[in-house]
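Student: There's a structure below that I have some questions on.
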Amino acid sequence: MLIFFQIIYSLLLLPIYLVYRIIGIFNKKIGNTLRARNNYLKDLKIPPHKKVVIFHCTSIGEFEQITPILENIYKKYRSRYYFILTIFSYTLEKLKSQNIEIADSVIYFPLDFIWTIKKFFRKISPKLIVINRYDTWPNFIIEASKNKFNTILVNGSISYKILKSPILKFL
């Protein structure tokens with residue numbers, strides 16, 4: 001039943017993605033984001049002796065919220081862990097060029113199709129995933145759970161109405 005949900009969800013995302021691609025032809029920011037996303041795993045080189053920790057944030061505001069946490073954890077544990085900051089927005093692309101001591105790599109968060117998430121987790125097998133705020137993509141969370149990756153949400157909140165939602169039964 002869960003795989004059925006994931007496939008239907010991924011198929012429903014396809015038309016949205018296609019519209020996004022078309023808009024990217026005319027909108028420079030979206031076009032740049034799509035081009036940069038194409039090879040987001042290509043240059044990633046994780047040392048075999050380090051365990052991976054992923055921190056994910058979508059916006060500049062979320063990044064600013066999580067920066068103090070990242071700075072402290074990175075300084076303390078960077079000898080044992082490989083820290084990856086995943087981003088969704090092209091606006092955060094400038095983080096790659098800044099010399100900020102918060103992560104070993106800054107990469108794009110995969111689009112939430114079941115096949116891209118599976119590819120992501122074949123390449124990156126994290127010990128811990130930290131998601132900031134509300135950017136909880138169903139396929140990502142489901143596959144992280146299936147692979148028994150520790151996943152936590154920081155700075156998030158959930159309403160009672162959402163807790164009663166039938167969709168949570170899938171997750």
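The values are calculated or read from the model by the stated rules, or taken from the named source; none is laboratory data. Small disclaimer: the values here were computed from a predicted structure and weren't measured. With ideal geometry, Cβ positions are generated from the backbone for all residues, glycine too; neighbour counts draw on all protein chains shown. We work out accessible area using only protein heavy atoms, side chains counted, and drop any ligands, DNA or RNA first. Shrake-Rupley method; radii C 1.70, N 1.55, O 1.52, S 1.80 Å.
Student: Give the residue, chosen from Lys50, Lys75, Lys28, Lys45, that is over 20 Å from Ile129 (Cα atoms) and not hydrophobic (A, V, I, L, M, F, W, C). Walk me through it before giving the result.
Tutor: Details: Lys50 fails: over 20 Å from Ile129 (Cα atoms); Lys75 fails: over 20 Å from Ile129 (Cα atoms); Lys45 fails: over 20 Å from Ile129 (Cα atoms).
Result of the check over Lys50, Lys75, Lys28, Lys45: Lys28.
Student: Out of all the residues in the stretch 146-153, is one or more in contact with a helix residue (DSSP H, G or I) (Cβ under 7 Å, 6 or more places away or on another chain), at pLDDT below 90 and closer than 24 Å to Gln65 by Cβ?
Tutor: no
Student: Consider the stretch 101-112. How many of its residues are in contact with a helix residue (DSSP H, G or I) (Cβ under 6 Å, 6 or more places away or on another chain) and either open to solvent by less than 10 Å² (accessible area, probe 1.4 Å) or of a type in the set (Ser, Thr, Tyr) (or both)?
Tutor: Residues flagged as in contact with a helix residue (DSSP H, G or I) (Cβ under 6 Å, 6 or more places away or on another chain) and either open to solvent by less than 10 Å² (accessible area, probe 1.4 Å) or of a type in the set (Ser, Thr, Tyr) (or both) within the stretch 101-112 amount to 4.
Student: Here are the criteria: (1) open to solvent by less than 20 Å² (accessible area, probe 1.4 Å); (2) under 26 Å from Gly24 (Cβ atoms); (3) at pLDDT 90 or above. Tell me which single one Val130 does not satisfy.
Tutor: For Val130, the failing item is (2).
Student: Would you pick out the residues in the stretch 64-86 that are within 19 Å of the chain's Cα centre (by Cα), among the hydroxyl-bearing types (Ser, Thr, Tyr) and farther than 13 Å from Lys127 by Cβ?
Tutor: Thr67, Tyr74, Thr86
Student: Next question, about the same structure. Checking the condition over 16 Å from Lys42 (Cβ atoms), modelled with pLDDT of 90 or more and either among the β-branched types (Val, Ile, Thr) or buried (at least 18 other Cβ atoms within 10 Å of the Cβ) (or both), which residue from Ile124, Ile117 passes? Let's see the steps before the verdict.
Tutor: Details: Ile124 fails: over 16 Å from Lys42 (Cβ atoms).
Only one candidate qualifies: Ile117.
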